[in-house]
Structures are given as C-alpha cells and as structure tokens.
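Q: Before I ask anything, here is the structure I am working with.
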Amino acid sequence: MVIDSALNATFLALADPTRRAILARLSHGEASVTELAEPFDMSQPAVSKHLKVLERAGLITVAADAQRRPRRLTPEPLRAAGAWIEQYRTIWEGNYKRLDALLAELQQPSKPSTAARRAGRASASPKRTPSRRRR
Amino acid sequence: MITTHQAEVTLPSDREVKVSRSFNAPVALVYRAHTEPALVKRWMLGPPGWTMPVCEMDVRVGGKYRWRWRADEGGAEFGFHGEFTGVEPNERLVHTERFDPGTVGGEHSGGEALITTVFSAADGVTTVTTMMDFGSQESRDRAVATGMTTGMEQSFQQLDTLLAEID
C-alpha cells in the first residue's frame, strides 16, 4: 500500500485540533460558517480557512442552500484514514502477540528443570516410574 | 482469568505516532524482552515470513543498535539503526532511529526519528507506550506506509501458524 495524496490531505486536515472540533460539530448535523465560528474564539475568515482545508481533503461539502451555504460532513475519507491506521496496528499487534507468548514462556519454569524434578521424584518413589505405570 | 490486550495506535500530532499495549508480565521482564537481543529477536519480527538475522544492541546512553530483517521468501532485507539517548531500566528507553532501506528500496526519508518507550507497571500488568516522533508529517506518513508495505505483501494467515509454533 502506498499512501496517496488524498490520505495525506486527510491527515493534514486532522492534525489541527480546531478542524477536528469542527468535524465533531458537523458529525451532529450540517452548520453554517457563522454557526461553526460561534464556539471558537475565532474570526469568520479564520474559520473559513480551516473549512477550505477540510473541503480540499474531501471531509466536508457545501450543501445546496445558496443562502446559508451549510457545511456537511463526508465520512468516507475518515474511514480510509481509520483503515490505514488499522493496518499499521495489525503489524504491531502481530509483534506483541509473539511477545505475549514469549513473556508467558519466561514466567514458567523451564521444561528441562521440570523434567529433572519429575525424574527426581520418580527415583525417590520407584513405584511411580513411567515404565511401571505402563505395565 | 487471563486478560487479552490490544495494541492502540493514535496520531497525537502531525509528526508523531503513539502505540500503546499492556502485557500480563512484570515490568522487569517486559523491559528485558525489549533490551536483550536474544529475546528481541524472538518477537520483533514484523509481518509473518520475516526473521531478524541482525539484532545488535548496546543498551546504554551513547550505545548503538542495529536491527535488520530478512524475508524468508525472496530474501529482501531492510533495517533500522541508531543510538540510545536515554536508558532508565524498567522505566524508559529513548533512541534515535534511521531507516536502512536495504534491498526493499523505498525512499530514504533522510530524517531521524526519535523513539521513546515508556514502561509502566500496575497490578501485575505492564503497559508499554511507544512514542515515535518522525520530525515531519511527510516522514511519519512515509515511515508508516513503509511498515505496511512489507506487511501487505505477506499473507496474514501465516500469523496463526507462527503463533501456534511459538506457543
């Protein structure tokens, strides 16, 4: 997999906390620039600049209302970004599952010493030697 | 009952990746598994079908390390190398990391990443948090994409076989 420019644009857009907050707001429904600017201590032009970045990344679209020009969330690029991270996570999880197994092995008494203890018990009580049991 | 843990990946900033995972083992053991080459070689293998023929680690401040992986099929190789800049046993490891494209090619970002691994213990569970700072978004995205490229070429079905062998 090669990271394409669309995914790059998504990550660039998501890197900013204000833009993430805007997306969070839009996940509840469409909103105009004025409405989006309200919760932020920011001028409308500043908010518009963020909206342009989000729009270029395909994360939002302008709904067909010529007056309000409300912004609307487009979830597809977010899903692509999520899938990208999930693939990366799979690689780490593969490593860590092996580490789980290794740590479990290191915390158990090693096999040779267990065998030695069994051998010791067997010689102390001959009745329980494997050969006798087999009979 | 044994709790199973899952790795969590987040992007705390446009140049970083954070990976967090808990283990049912004491912190001293988890630290050993991260710092003793003989142990590191057994789990830090990346995608199925790769081995780690080179794992040299001089774990002390200023000490160097060199890791190299090799694909069983085709024999492709790549690696990482760098220097330890912070070593606090059972607590924290900091090292620089440079990608060595080996035979898999790929662009060399030229950048050096800074990797901070924090070990924290609570109730017999050790959490390992790895923060990777790639210096720029471009380097980060490239590093993550490179990690996945090698992964995607392999069939993940092999993972189960491999885990069964180790168990």
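Where a number appears in this text, it was derived from the coordinates with a stated rule and is not lab data. Everything quoted here is computed from the prediction, not taken from an experiment. Cβ placement follows ideal geometry from the backbone for every residue including glycine, while neighbour counts extend to all protein chains displayed.
Q: Kindly write out, for the stretch B:79-87 in residue order, the coupling ³J(HN,Hα) from the Karplus curve 6.51 cos²θ - 1.76 cosθ + 1.60 (θ = phi - 60°), rounded to whole Hz, with x marking Gly and Pro.
A: Listing the rounded values in order: x, 9, 8, x, 9, 7, 10, x, 9 Hz.
Q: Per-residue mean of other chain beta-carbon atoms within 10 angstrom of the beta-carbon, peptide B:20-29? Could the numbers behind the result be given before it?
A: Values: counts 1, 8, 1, 6, 4, 7, 3, 0, 0, 4.
For this peptide, the per-residue mean of nearby foreign Cβ atoms is 3.
Q: Taking 8 Å as the Cα distance limit and 6 or more residues as the minimum spacing, I'd like the relative contact order of the stretch B:1-127 as a percentage.
A: On the way: 243 pairs, mean separation 25.3, N = 127.
Here the relative contact order equals 20 percent.
Q: Quick check: the distance between the Cα centres of the stretch B:74-144 and the stretch A:9-50, to the nearest angstrom?
A: The stretch B:74-144 and the stretch A:9-50 have Cα centres spaced 33 Å from each other.
Q: Tell me, what is the FRET efficiency for A:Gln107 and A:Ala83 to the nearest 0.05, using R0 = 30 angstrom and their Cβ-Cβ distance as r? Spell out each step's value before the answer.
A: Details: r = 36 Å, r/R0 = 1.19.
Given R0 = 30 Å and the Cβ-Cβ separation, E is 0.25.
Q: Sticking with this one: When a/c is below 1.5 the answer is rounded, else prolate if a/b is larger than b/c, else oblate, so apply that to the stretch A:5-74 with a ≥ b ≥ c taken from the square roots of the Cα gyration tensor eigenvalues.
A: Details: a/c = 1.73, a/b = 1.27, b/c = 1.36.
Oblate.
Q: Label B:Val59 and A:Lys52 with points 7 Å out from Cα along Cα→Cβ: what is the distance between them in nm?
A: It is 5.1 nm.
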